[in-house]
1. Name the residue, out of Ala107, Ala132, that is within 23 Å of Phe18 (Cα to Cα) and either part of a strand (DSSP E or B) or among the small types (Gly, Ala, Ser) (or both).
2. Select from the range 209-254 the residues that are assigned to a loop (DSSP other than H, G, I, E, B) and among the aliphatic types (A, V, I, L, M) and write down the one among them that is surrounded by the most Cβ atoms within 10 Å (Cβ to Cβ).
3. When you scan the range 165-179, how many residues do you find that are loosely packed, with under 10 Cβ neighbours inside 10 Å and assigned to a strand (DSSP E or B)?
4. Would you call Ser80 part of a helix (DSSP H, G or I), more than 14 Å from Pro97 (Cβ to Cβ), modelled with pLDDT under 95 and not aliphatic (A, V, I, L, M)?
5. Test of understanding: among Leu123, Leu65, which residue is in contact (Cβ under 8 Å) with a residue 60 or more places away in the chain and touching a strand residue (DSSP E or B) at 6+ places or on another chain (Cβ under 7 Å)?
6. Go through the residues of the range 150-164 one by one and say whether even a single one is under 30 Å from Arg130 (Cβ atoms), of a type in the set (Gly, Ala, Ser), surrounded by fewer than 17 Cβ atoms within 10 Å (Cβ to Cβ) and modelled with pLDDT of 95 or more.
7. Considering the range 110-146 alone, what residues qualify as being surrounded by 17 or more Cβ atoms within 10 Å (Cβ to Cβ), of a type outside the set (Asp, Glu) and more than 16 Å from the chain's Cα centre (by Cα)?
8. Kindly indicate whether Thr60 is of a type in the set (S, T, N, Q) and either under 32 Å from the mean Cα position of the chain (by Cα) or closer than 14 Å to Cys91 by Cβ (or both).
Amino acid sequence: MTVTIGAFTCNVLTAQPFGYEGDARAGLTARTFQISGLLTPAEWANLVSVYNTWRDTRITDADTLSSGAVGTTISVTITSANGVSVSGLACWFADPPQGDQTGTYVAASVAMVDAAQALAVLLREQEKSRQASEALVPSLGTVTLTRGSGTSPVVTLTKPMDTRQDGPNVALTATGVSYITGPLVAHKVRQIEGYLTTGTYADVLSWYDETIAAVPSSTSWFPISPPSASAEVIISGGAKSTRYSVTLTALQII
C-alpha cells in the first residue's frame with residue numbers, strides 16, 4: 001500500500017489509514033486518513049516540507065464558514081487497503097506531522113481529512129446551530145408592504161410591531177391636580193423589524209417611494225421613517241444565501 005500526500009510518498013505504513021471523525025448518529029462525519037510509518041530522515045523532511053507549504057497558504061485563506069469554500073487543499077492518494085482506496089482526493093491536514101526517533105528512522109504520523117466532507121459537516125453544524133437559536137424565537141407573524149404593481153415585500157417579524165404615539169399628555173396644576181392636554185386619541189404605529197421572506201430590499205424602497213408620493217387615505221398605513229436594512233449570510237439545506245433584515249416605521253392615518 002502506497003500513500004501520496006502532495007509531493008510526499010510513503011509505502012511502509014504501520015497502520016490501516018481509513019477512518020472517520022465526527023458525530024455518526026447525526027451523519028456529521030468526514031473521512032479521515034491516519035497515516036503512520038517508519039520514515040527515513042529524508043522522507044520525514046519531505047513530509048514536514050509538504051505540510052509547511054500547505055500551512056503557509058492555508059492560513060491566508062478566507063474564513064471557511066464565511067466563504068463556504070474548501071480553500072487550499074492537498075491531494076491524497078492511497079492505493080488499495082483492504083479493498084478501500086482514494087485517488088487525488090482534496091484534503092486538509094487534520095493534525096500536523098508528528099515524529100519520534102527510532103534508531104535511524106523516524107516513527108511518523110499525520111492525519112488528513114476529506115476537505116469537501118469536512119466543510120459539509122461544518123456548514124451543517126452552523127445551520128443546525130442557527131435553527132436551534134431561531135426555534136427559541138416566538139412566531140410573531142408577517143407583514144406585507146402592499147404595492148400597486150411589482151412585488152409586494154413580505155417581512156417576517158422578529159419583534160412585536162404594534163405601538164402608539166402622539167397620545168395626550170398629563171401635567172399638574174398649581175394645586176397638584178392632574179390635568180390632561182391634547183386630544184384623547186393616539187396614532188396607531190407599526191415599528192416593523194424583521195427579515196424579508198418575499199421580495200428584495202429594492203422592493204421595500206420602491207414601496208416607500210410609491211407610498212409617500214400619494215396623499216394617504218383614512219386608515220391607510222403611511223411610512224414616517226425611511227427603511228433601513230442589514231444583511232447576513234445564512235445557510236439553509238447546506239446552501240448559502242443572503243438574508244436582509246429591514247426596519248421601518250409606519251403610522252395609520254386617522
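1. It is Ala107.
2. Here is the first cut: in the range 209-254, the residues assigned to a loop (DSSP other than H, G, I, E, B) are 213-220, 237-238, 253-254.
Narrowing further to those that are among the aliphatic types (A, V, I, L, M): 213-215, 253-254.
Numbers: Ala213: 7, Ala214: 10, Val215: 7, Ile253: 14, Ile254: 11.
Restricting to residues being assigned to a loop (DSSP other than H, G, I, E, B) and among the aliphatic types (A, V, I, L, M), the top hit is Ile253.
3. Qualifying residue count, the range 165-179: 5.
4. Details: part of a helix (DSSP H, G or I): no; more than 14 Å from Pro97 (Cβ to Cβ): yes; modelled with pLDDT under 95: yes; not aliphatic (A, V, I, L, M): yes.
The answer is no for Ser80.
5. Numbers: Leu65 fails: touching a strand residue (DSSP E or B) at 6+ places or on another chain (Cβ under 7 Å).
It is Leu123.
6. Of all residues in the range 150-164, those under 30 Å from Arg130 (Cβ atoms) come to 151-163.
When the remaining residues are screened for being of a type in the set (Gly, Ala, Ser), the result is 152.
Filter once more, keeping what is surrounded by fewer than 17 Cβ atoms within 10 Å (Cβ to Cβ): 152.
Keeping just the survivors that are modelled with pLDDT of 95 or more gives 152.
Scanning the range 150-164 turns up at least one residue that is under 30 Å from Arg130 (Cβ atoms), of a type in the set (Gly, Ala, Ser), surrounded by fewer than 17 Cβ atoms within 10 Å (Cβ to Cβ) and modelled with pLDDT of 95 or more.
7. Matches in the range 110-146: Val110, Ala111, Met112, Val113, Ala115, Gln117, Val143, Leu145.
8. For Thr60, the condition - of a type in the set (S, T, N, Q) and either under 32 Å from the mean Cα position of the chain (by Cα) or closer than 14 Å to Cys91 by Cβ (or both) - is met.
The values are calculated or read from the model by the stated rules, or taken from the named source; none is laboratory data. A quick note: this is a predicted structure, and the numbers were derived from the prediction, not measured. Quick reminder, even Gly has a Cβ in these numbers, built from the backbone with ideal geometry, and neighbours come from all protein chains shown.
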